[in-house]
Amino acid sequence: GGSIKGYLAVYVDEKMKQFVIPVSHLNQPSFQELLSRAEVEFGYYHPMGGLTIPCSEDVFQRITSCLN
């Protein structure tokens with residue numbers, strides 16, 4: 001696969017823009033909240049093999065920039 005060890009591809013928004021984030025982000029409360037929202041909207045995993053996050057790109061980037 002195209003994944004880098006320690007990183008995870010996520011797809012954001014209806015446009016399915018791909019972001020690659022550190023797996024450590026998954027443990028962060030703000031990110032967990034995004035994931036639970038994603039789970040409610042479409043179950044967890046998307047056929048593309050990454051996580052799909054149902055928020056806009058700018059929201060996603062604001063959250064991840066806080067985590068870096």
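Here, each number is a calculation from the coordinates, and none is a lab measurement. As the structure is a computational prediction, the values presented were derived from the model and not from experiment.
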Q. For L8, which sequence-distant residues (separation of 5 or more, or a different chain) have an amide H within less than 5 Å of its own amide H, given hydrogens modelled in the peptide plane?
A. I21, V23
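Just the projected area, averaged over all directions, of the convex hull on the alpha carbon atoms of the stretch 7-66: how many nm²? Walk me through the numbers on the way to the answer.
Working: hull surface 14.4 nm².
Answer in nm², one decimal: 3.6.
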Q: Tell me which residues come under 5 Å, amide H to amide H, from T52 once H is placed; ignore anything under 5 positions away on its chain.
A: Y11, H46
